[in-house]
């Protein structure tokens, strides 16, 4: 499960659901709450039943990359007839209030034709899958950015809310410096999108676009590059262990450092240190 605590007053989350042959049958009821469920099916499902208030409500199959959005205002349960995989987004209604802060409007509700194929949501869901394999290594900046994009997509396409006119995003030199200084000062922490945007006095969505325009990178990409650069400097100038360097530079552990460093530099941190030792 991936959770964002910086998008509104209530946490938004996504869970990967893997249903095997031993998991088929009627599932426990989901209690009524002021939230929405968005299911993105990763595999084909020939048949599925959604029950509402103890009665069958929706009976149909779903293709891979199809979407089903439901309000959780009534008790819901599911009869699962076939093995499948899906992503389940839990979206508190309060999360949509963030869109109003971004200059848009929060939808009263969201609903779509069950089984609709939405390439944008499917792309965002696929982007989250690698992060879900290693949630302890996942950057909050990345998760917050993807969740914000999901919120905006659902509101504009299925909530009857028009997206606000896109402003030409730009950072002043001072704002760019503030963002970089904040991320550098909190390098060892799991930096949140809301905190960096607040340091610049900007909304989250505007900050993402403006930072990318100014630097050519998303905030998440910039932060990961900077962590690798700091790791290289520390490898060269200290005798700290790889585990200590990983934590100092904001990686989850030594294996996370090794994976990211090797992908970026084409060589492991240990081999890089040996090659560049003074």
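The values are calculated or read from the model by the stated rules, or taken from the named source; none is laboratory data. On a predicted model such as this, the values are computed, not experimentally measured, just so you know. Positions of Cβ are backbone-derived with ideal geometry, glycine not excepted, and every protein chain shown enters the neighbour counts.
Out of 223, 193, I need the residue that is surrounded by 16 or more Cβ atoms within 10 Å (Cβ to Cβ), in contact with a strand residue (DSSP E or B) (Cβ under 9 Å, 6 or more places away or on another chain) and closer than 27 Å to residue 149 by Cβ. Which one? The match here is 193. Of all the residues in segment 123-141, those that are modelled with pLDDT of 95 or more and buried (at least 17 other Cβ atoms within 10 Å of the Cβ) number 3. Within segment 181-202, take every residue that is in contact (Cβ under 8 Å) with a residue 40 or more places away in the chain and part of a helix (DSSP H, G or I) and give me the one that is farthest from residue 98 (Cα to Cα). Top of the filtered list is 184. Counting only residues that are under 21 Å from residue 222 (Cβ atoms) and in a helix (DSSP H, G or I), segment 242-257 holds 6 of them.
Filtering 86, 120, 39, 94 for residues that are within 29 Å of residue 136 (Cα to Cα), at pLDDT 95 or above and in a helix (DSSP H, G or I) leaves a single hit, 120.
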